[in-house]
Amino acid sequence: MATRALPGSIVTGMAAAAFPAAAQLAALGPVLCLYRSQQGSELAGWQQAVRVEAHIGVESEGLDERLLFYDAQGRCCWRLCLLPESDFVAWDRLLSSLPSGQDAGGAGLSDRLWRRLAGRLLGGEWRACALQLHAVPQIAAPPVLAASLPFMSTLGATTARRIAQAEGADLEGSLEDCCCAQSSLHAMQLQADYEHQEADTTVVPLIRLK
């Protein structure tokens with residue numbers, strides 16, 4: 001499995017290198033993020049994750065591609081799903097470096113409903129939010145992960161709603177078309193605010209655009 005070290009642990013070799021860096025996630029462009037409601041933050045699952053799998057399934061609307069992140073207890077704590085606005089080249093490049101999980105695309109409706117119910121009982125309900133991830137540089141430390149709400153086309157918004165509905169997740173944030181320039185300005189401001197500061201964690205709060 002693709003893994004990374006938790007505080008106080010050591011991971012060496014191919015396993016540590018295979019876990020996505022913040023810059024690799026930022027290169028993906030807009031993605032649909034699914035996270036546990038009790039986590040309280042869209043990016044908290046990234047901080048908890050120690051391994052990741054690439055999943056590719058087939059649904060009635062076409063391919064369903066996603067990254068599944070797992071915590072140290074083996075629970076899925078974060079998911080990123082491909083959207084029409086995503087960078088397909090960066091997505092394929094990242095997936096080619098990760099292990100593949102079991103394809104669940106052929107599962108029946110009853111199996112999917114049971115997994116959804118089991119997930120809620122074990123780990124809380126899922127929420128969904130379309131995000132543009134950013135890698136914010138630090139001094140003498142790896143970049144931290146940040147996010148803003150991206151520009152979404154009608155097709156992208158429809159796809160995000162479909163995935164969220166299939167997962168039984170509450171969709172958060174506005175999916176209406178917004179200004180690309182505004183997203184860029186917020187991302188640039190975020191980078192300027194943090195590039196001269198040292199952070200204690202690998203996550204910074206979500207920047208919401210209106």
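Just one of the listed residues (CYS81, CYS77) is at pLDDT below 95 and not β-branched (Val, Ile, Thr), namely CYS77. Taking ALA141 as the residue in question, decide whether it is among the aliphatic types (A, V, I, L, M) and either at pLDDT below 85 or within 20 Å of LEU32 (Cβ to Cβ) (or both). Spelling it out, it is not the case that ALA141 is among the aliphatic types (A, V, I, L, M) and either at pLDDT below 85 or within 20 Å of LEU32 (Cβ to Cβ) (or both).
For the structure I just gave you, tell me whether VAL89 is under 18 Å from PRO150 (Cβ atoms), at pLDDT 90 or above and over 16 Å from the mean Cα position of the chain (by Cα). Give the steps one after another, and end with the answer.
Details: under 18 Å from PRO150 (Cβ atoms): yes; at pLDDT 90 or above: yes; over 16 Å from the mean Cα position of the chain (by Cα): yes.
In short, yes.
Yes or no: LEU95 within 14 Å of GLN24 (Cβ to Cβ), modelled with pLDDT under 95 and either in contact with a Cys (Cβ under 7 Å, 6 or more places away or on another chain) or crowded, with 16+ Cβ neighbours inside 10 Å (or both)? For LEU95, the condition - within 14 Å of GLN24 (Cβ to Cβ), modelled with pLDDT under 95 and either in contact with a Cys (Cβ under 7 Å, 6 or more places away or on another chain) or crowded, with 16+ Cβ neighbours inside 10 Å (or both) - is met.
The values are calculated or read from the model by the stated rules, or taken from the named source; none is laboratory data. Everything numeric here is computed off the predicted structure, so don't read it as measured data. No Cβ is skipped: glycine too gets one built from the backbone with ideal geometry, and neighbour counts run over all protein chains shown.
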